[in-house]
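Have a look at the structure below before the remarks.
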């Protein structure tokens, strides 16, 4: 009698849900650590915390979850931390206002 293979991310179900929850937890953890270190560490170093989250997701999860984690990491960094350094899009808009 053969054992049934364990469900994978491609099969869907519990393994897939666990992958998406892992992505969310990695992004939340990276954001919280970055916010705690915000006063002590430069923005570029905080970006490496998000890179670590993406590397962990890429190593442990499937392609779709890893890609979403990468896009989510960039979005979270820009939304929660980059705007404190200065609103980059508003600089572009203000430079184009003379047209």
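Within the stretch 35-48, residues that are touching a residue at least 40 places away in the same chain (Cβ under 8 Å) sit with their Cβ atoms under 7 Å from residues that are surrounded by fewer than 14 Cβ atoms within 10 Å (Cβ to Cβ) and part of a helix (DSSP H, G or I), at 6+ positions apart or across chains, in these pairs: 43/85. Within the stretch 42-60, restricting attention to residues that are modelled with pLDDT under 90 and touching a helix residue (DSSP H, G or I) at 6+ places or on another chain (Cβ under 8 Å), the residue that is surrounded by the fewest Cβ atoms within 10 Å (Cβ to Cβ) is 43.
The values are calculated or read from the model by the stated rules, or taken from the named source; none is laboratory data. If you're wondering where the values come from, they're calculated on a predicted model, not measured in any experiment. Here Cβ is always computed from backbone atoms with ideal geometry, including for glycine, and neighbour counts include all displayed protein chains.
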